[in-house]
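What follows is a set of notes on a single structure, which appears directly below.
The values are calculated or read from the model by the stated rules, or taken from the named source; none is laboratory data. As the structure is a computational prediction, the values presented were derived from the model and not from experiment. Backbone-built Cβ (ideal geometry, glycine too); neighbour counts: all protein chains shown.
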Amino acid sequence: MVPLKYNIRNLRARSVSTLMSVFGIGIVIAVMLSMMALNNGVQKATTTSGSKDAMMVLREGAQAEVSSWVTKEAYRIIRELPGVRKDSKGQPLLSPEIVIAFKIPKKDDPKGSNVIVRGVTQNAFAMRPNVRLIQGRMFRPGLNEVIVARRVRDRFVNTNVGDTFKFGPQLWNVVGVFDAHGTAFDSEIWADVDYLGQARKRDAYSSLVLHPVDRAAFESIKAAIKNDNRLKLAVKSEYQYYSEQTTGLLGIVILVFIVTAFMIFAAILATMNTMFTAVSSRKRELATMRAIGYKRRTILLAMMIESAFVAFLGGVAGVLLALPVNFISTGTVNWQTFSEVAFNFDVDRHVAMLGILLAVVSGVFGGLLPAISAARMPIAQALREI
Amino acid sequence: METLVEIRDVRKVYKRDEFDVPVLNGITLDVPRGDFLALMGPSGSGKTTLLNLIAGIDRPTSGRIIVDGKEISRFSETALASWRARHVGFIFQLYNLIPVLNAFENVELPLLLTKLSKKERREHVTAALNIVGLSDRIFHYPRQLSGGQEQRVAIARAVVTDPSILVADEPTGDLDARNAQETLDLLQRLNEEFDKTIMMVTHDPKAAQHARRTMHLEKGLLVEMQEMAAAQA
């Protein structure tokens, strides 16, 4: 085994070139991590929104809540189904909700974007423990009051507590701000379901969310709804619903993959370039080591380790460079609902580890050809290199 | 005297593009144990090629090379590397020290291929640096040493494993007269006191005078042999 200090001191000896490689790879990894963080944020915003235990009832064939309706008659039937969990007061844990997308002006874009306004009852809060009021107070039933998600308040005009905005013919008062822990609800405005229904002249709900008492109840409720010809409704788990919403954001995922693939390729080329230079400037010394008795595979391994180490440092640099994007919050349009999904760039531990791992992998691949060329040099010839 | 190196009808042909360039045209030579042989000849005569073949860093196109009873020309690449580690010490014109390792670490490099403990390695390295008179430069890096000192470190590296044979390719080619003299004296001492078999390629007739005998290569053939030791006797 070639002593590790040989590799490390060589990297130090050509410190300028090493630093440039580390930063080169670092920037590549940082861009890649930002893309992954974006993907991660979108995934979190959608998949963590839904619980696997909760059931979501929608119109048969509806892809999203905005294009679904559930009649009040259906609500009353489902409310009485056996297997629906009850709260401490013996009331069924069932949340009828109205979901409407409407356009409001953004701080950086006066034309605005669609935002989901969700009409809910008190049950909605019991069933979504992620949603917490962080400022102001709860809306009161029967009034034109709303609470807005923190990320909506940050991105849209007139959405601070005390502000009033126009939605349809009515004026709405913002009375509170909530945080939904990175879930899809972070992109929404919530109001009282009955008042919202009257104001928008809706006599049907968009969806129902309910908690079954157990897994068996989940299946029996699902079967009961499916088999009731009056209802024409479909049931899925809330988790499944939000996972499916992600497919509307497939473009981002594909983009992330394409950019990541190109970035890895760039990192491999960067490492390869560095290592070819390193090998060619050390031909004589590598040939000397082989003459002394170091085997081909030992030299190969030494050069691969050196390459992987440079790439590892590049990966660490990339994570450090990418950390500031963590604080960026932005939005994209969910094409299923035509409304904004707010999310954070999320460079978490897994993304960071993956970034470093990909850097090392690209170091190994990038170092392979130069290392092979170092190990295969004819000794007698390479000894004459100056 | 016992023969250490037997070379039998060795030919070496290099391929340059589609042309065959013959370098050695059937060399037969015996080198006894304890010999100090100088190989002379004009550029391109094949002296370095012959030295490389004996040292096992190149292979003959045909013919046999037997060192210490082993036909090294038939060894695999890996076996040859292990064999070199145990049996050959290399001394180069440009010293070929590893710039990022200090004198001690450079000399220790061949010992890392042995099973010696760290303590044993330290003892061997210290002894080798003592022999070449550089025990006060142990932690100096090559760039902090003069050419002559670098070559002495390289000689310490060559002898530290106690190899059967030392091969030196123009060991004084890059040194001034005084350092060249010191290097040759050192090689002569290694031959006489430590009984090392040495094969040295040189252009310099004065350097060759330190050897026991000199052979001339011309156009790939051994053309002349001077039994220096016999002549001096």
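For this structure, a couple of remarks:
- One residue from A:P82, A:P92 being touching a Lys or Arg at 6+ places or on another chain (Cβ under 6 Å) and away from chain B (no Cβ under 14 Å): A:P92
- Within the range B:87-137, if we keep just the residues that are under 17 Å from B:F194 (Cβ atoms) and facing chain A (nearest Cβ under 10 Å), the residue that is surrounded by the most Cβ atoms within 10 Å (Cβ to Cβ) turns out to be B:P110.
- Among the residues listed as A:A267, A:A278, A:A291, A:A287, the single one being more than 18 Å from the chain's Cα centre (by Cα), buried (at least 18 other Cβ atoms within 10 Å of the Cβ), closer than 21 Å to A:V361 by Cβ and within 14 Å of chain B (Cβ to nearest Cβ): A:A278
- Of the listed requirements (1) in contact with a helix residue (DSSP H, G or I) (Cβ under 6 Å, 6 or more places away or on another chain); (2) facing another protein chain (nearest Cβ under 10 Å); (3) at negative phi, B:A55 misses just one: (1).
- The range A:294-310, subset buried (at least 23 other Cβ atoms within 10 Å of the Cβ) and hydroxyl-bearing (S, T, Y), residue nearest to the other protein chains (Cβ to nearest Cβ): A:Y294
- Considering the range A:195-246, and only residues there that are β-branched (V, I, T) and at pLDDT 85 or above, the residue that is nearest to A:E60 (Cα to Cα) turns out to be A:V235.
Residue-by-condition table, conditions (1) of a type in the set (F, W, Y); (2) touching a strand residue (DSSP E or B) at 6+ places or on another chain (Cβ under 7 Å); (3) assigned by TED's automatic domain parsing to the domain that holds A:K226; (4) farther than 28 Å from A:G41 by Cα:
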residue: A:R85; (1), (2), (3), (4): no, yes, yes, yes
residue: A:S88; (1), (2), (3), (4): no, no, yes, yes
residue: A:P92; (1), (2), (3), (4): no, yes, yes, yes
residue: A:E97; (1), (2), (3), (4): no, yes, yes, no
residue: A:K106; (1), (2), (3), (4): no, yes, yes, no
residue: A:G119; (1), (2), (3), (4): no, yes, yes, no
residue: A:V152; (1), (2), (3), (4): no, yes, yes, no
residue: A:T164; (1), (2), (3), (4): no, yes, yes, yes
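- When the range A:79-130 is limited to residues that are hydroxyl-bearing (S, T, Y) and buried (at least 19 other Cβ atoms within 10 Å of the Cβ), the one that is nearest to A:E238 (Cα to Cα) turns out to be A:S95.
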